[in-house]
Amino acid sequence: MLRYDVIVCGAGPAGAMAAYRLAKSGLKVALLEKHLLPRHKTCGGGMPVTMERCLADVDTSALIESEVTFMRHSWKFEDSILAAINLPGSGERLKLWMVQRHQFDFALAQHAAAAGAELKDGLAVRSVEPNGNHVVVRAQWTKTNGEVAKGKAFNAIADYVIGADGANGVTVKATNLRQNPPMAIAMEVEYPHVWGTGHPHLSSNTLHLDYGAIGDGYAWVFPKKNHLNVGAGLFRMDRTVRRSESTIGLTLKQVICNYLTQLHVPFDSSQMRFHAHPLPLWRGKEPRHTTDGRILLVGDAAGLVGPLFGDGLLHGVKSGLIAAECIKSGTSQEYTNCIHNEFAANFDAALKLSRFFYQWPYLCYKFGVKQERATPIAARLLAGELSFQEMGDRFMQRMKQQMTGLLSAT
Ligand SMILES: Cc1cc2nc3c(=O)[nH]c(=O)nc-3n(C[C@H](O)[C@H](O)[C@H](O)COP(=O)(O)OP(=O)(O)OC[C@H]3O[C@@H](n4cnc5c(N)ncnc54)[C@H](O)[C@@H]3O)c2cc1C
């Protein structure tokens, strides 16, 4: 059997950055990815520029397709407002990076490989079993279409395993750490676009968000170099689980097509490749490592997706780096605490806000999102520069006052 210090299952951003950090410190690391890289990843590909701090020496220059400094918000595609991410005169320099996930993830995986991690793509992990002081990982080579290929299986033991295999991964199931976690769902399509055509507000520095076109979620248009990433998601898990998958799929597709129509982008839906994927939103404190401290969950596998926006890239990478630090310093038993210290208070406040927001979307749009300060606040929340605890209570207080005012006026 092959032997490693650490096996990382899944070469998304969380796994790749964990593998990079561990390999760089001299540990023998395997990074296993079930798809052949580069592979498509269902995602909007938007992230705050503060991601840069976590990527250390990754050369991002060729990966950033556009930099967003404006957001255009709308309610049912109307009543829109265009707002800058940085208030004039505020001195802030925030922006959002837009990437294509297949390129971004591949670059991070290659970065890990360059640091010494053994990158093995086309290798699907089948089982992860604790075995005394080790963990046994069994995997199977796959073909381009994802089917299992005939041939020798990959069997290895490691001192530690990092479960970075995403929302539906094997490690979550194997460890039983997060049982039947409820999932949100989102869909996206990458649609070719020529800048200068379509709606006058279509611009490579502007993202679009609509809150009323879909109940319990929002729809978006993210600008890429030659594409628009158009998507929609349902972020209220309690309601999402009650709908049938086919109804959800049809609704999301319809909203995406409606968004393109509203932005005067001609399209042929039969030529569009719609991709949908579950999002394991944060739902509170849960163990993120096994009791022996040998298997650690990161990123989506650990349910670290923000409950209001559905953003998981920055949290995924941060958790990968935290897991790597815990393993390097021999404190893997502290991993769950470290994750809770980093995320719990903020995500709990975001969850509270998200329940309120998706319960009263129109009022939140009218009295919250449309305010001049709302866009810079959203950008700072996404960037981790402002916490949901800091702004959540004030926001809800204000909304409640507005609602009481409305009710007493009727
Ligand atoms: C439609 C949509 C839009 C989104 N838009 C955004 C956005 O704009 N910004 C943002 O921050 N977040 C967004 N997210 C969330 C974001 O995509 C995830 O939070 C992020 O990808 C998590 O990274 P990860 O590394 O934890 O997992 P993933 O990126 O899911 O990577 C997991 C990897 O593990 C591999 N894998 C799975 N099973 C196995 C196995 N058995 N063996 C080996 N490998 C395996 C997978 O192939 C994959 O490469 C979006 C999600 C969706 C669904």
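Derivation of every value follows stated rules applied to the coordinates shown; laboratory data play no part. As the structure is a computational prediction, the values presented were derived from the model and not from experiment. Here the Cβ is made from the backbone with ideal geometry for all residues, glycine too, and neighbour counts use every protein chain on show.
Quick one: among MET272, MET183, MET399, which has the greatest mean-square fluctuation in a GNM of the chain with alpha-carbon springs under 10 angstrom?
Most flexible of the set in this elastic network: MET272.
Calculate, in nm to one decimal, what MET1 and SER246 gain on full extension: separation in residues at 0.36 nm each, minus their alpha carbon distance. The partial results should precede the final answer.
Numbers: separation 245, 0.36 × 245 = 88.20 nm, distance 4.38 nm.
Length gained between MET1 and SER246: 83.8 nm.
Most mobile of ALA56, ALA345, ALA19 per a Gaussian network model of the chain (Cα springs, under 10 Å)?
ALA56
Report the calculated FRET efficiency for VAL194 and ARG53 (r = Cβ-Cβ distance, R0 = 41 Å), to the nearest 0.05.
Numbers: r = 34 Å, r/R0 = 0.84.
Here the calculated transfer efficiency is 0.75.
For the chain, with only Lys/Arg (+1) and Asp/Glu (-1) charged at the beta-carbon, what is the dipole magnitude about the Cα centre, in debye rounded to 20?
Numbers: 44 positive and 36 negative charges, 117 e Å.
Roughly 560 debye, rounded to the nearest 20.
For SER332, SER203, SER269, SER246, what's the fewest-to-most ordering of other Cβ within 10 Å of each Cβ?
The most exposed by this proxy come first: SER246, SER269, SER203, SER332.
Add +1 for every Lys or Arg and -1 for every Asp or Glu among the other residues with Cβ under 9 Å from the Cβ of ASP121, and state the total. Display every interim value, and only then the final one.
Details: positive: LYS34, ARG39, LYS120; negative: GLU33.
Around ASP121, the surrounding residues sum to +2.
How do SER354, SER25, SER270 line up, fewest other C-beta atoms within 10 Å first? Write down the numbers at each step before the final one.
On the way: SER354 24, SER25 16, SER270 5.
Ascending number of Cβ neighbours within 10 Å: SER270, SER25, SER354.
Go ahead and estimate [θ] at 222 nm for the chain from helices alone: -39,500 (n - 2.57) per DSSP H run with n ≥ 4, summed, over the residue count, rounded to 500. Write out the running numbers ahead of the final one.
Details: 12 runs with 131 residues, N = 410.
-9500 deg cm²/dmol, from helical runs alone.
Show me the ranking of peptides 307-316, 32-41 by mean Cβ neighbours inside 10 Å, starting with the highest. Please report the intermediate quantities before stating the final value.
Values: 307-316: 24.0, 32-41: 19.3.
Highest-to-lowest ranking by the protection proxy: 307-316, 32-41.
Measuring from a point 7 Å past the Cα of GLU67 along Cα-to-C-beta, which residues in region 94-124 have an amide N at less than 20 Å?
94-101, 104
Residue separation times 0.36 nm, minus the C-alpha to C-alpha distance between GLU372 and LYS285: what's the value? Don't jump to the answer; show the numbers that get you there.
Working: separation 87, 0.36 × 87 = 31.32 nm, distance 3.40 nm.
Contour length minus the Cα-Cα distance gives 27.9 nm.
Any lysines with Cα under 16 Å of the LYS28 Cα? List them, leaving off those in the same chain fewer than 8 positions away.
Here the lysines satisfying the reach criterion relative to LYS28 are LYS120, LYS328.
Using per-residue counts of other Cβ atoms within 10 Å, averaged over each peptide, order 86-96, 287-297 from highest down. Can you show the working numbers first?
Details: 86-96: 13.5, 287-297: 22.8.
The peptides rank, most packed first, as 287-297, 86-96.
Pairing the Cα long axis of helix 374-383 with the longest principal axis of the chain, what angle in degrees results, from 0 to 90 and rounded to the nearest 10?
Tilt of helix 374-383: around 0 degrees.
With r defined as the distance between the Cβ atoms of THR60 and ASN205 and R0 fixed at 22 Å, what FRET efficiency is calculated, to the nearest 0.05?
0.80
Quick one: 3J(HN,Hα) in Hz for region 56-71, Karplus 6.51/-1.76/1.60 with θ = phi - 60°, rounded, Gly and Pro as x.
Whole-Hz 3J(HN,Hα) from phi for region 56-71: 6, 9, 6, 7, 8, 4, 7, 9, 7, 7, 7, 10, 9, 10, 10, 10.
Given the options VAL194, VAL317, VAL125, state which has the largest fluctuation in a GNM of the chain using a 10 Å cut-off (strictly under) for Cα springs.
VAL194
Report the full-extension gain for the segment ASN145 to GLN271: residue separation times 0.36 nm, less the Cα-Cα distance, to one decimal in nm. Don't skip to the answer; put the middle values down first.
Details: separation 126, 0.36 × 126 = 45.36 nm, distance 2.03 nm.
The ASN145-GLN271 span can extend by a further 43.3 nm.
Which of the lysines could a cross-linker span from LYS76 if the Cα-Cα distance has to be under 30 Å and same-chain partners fewer than 8 positions apart are dropped?
Result set, ordered by chain and number: LYS41, LYS95, LYS224, LYS225, LYS253, LYS352, LYS366, LYS370, LYS400.
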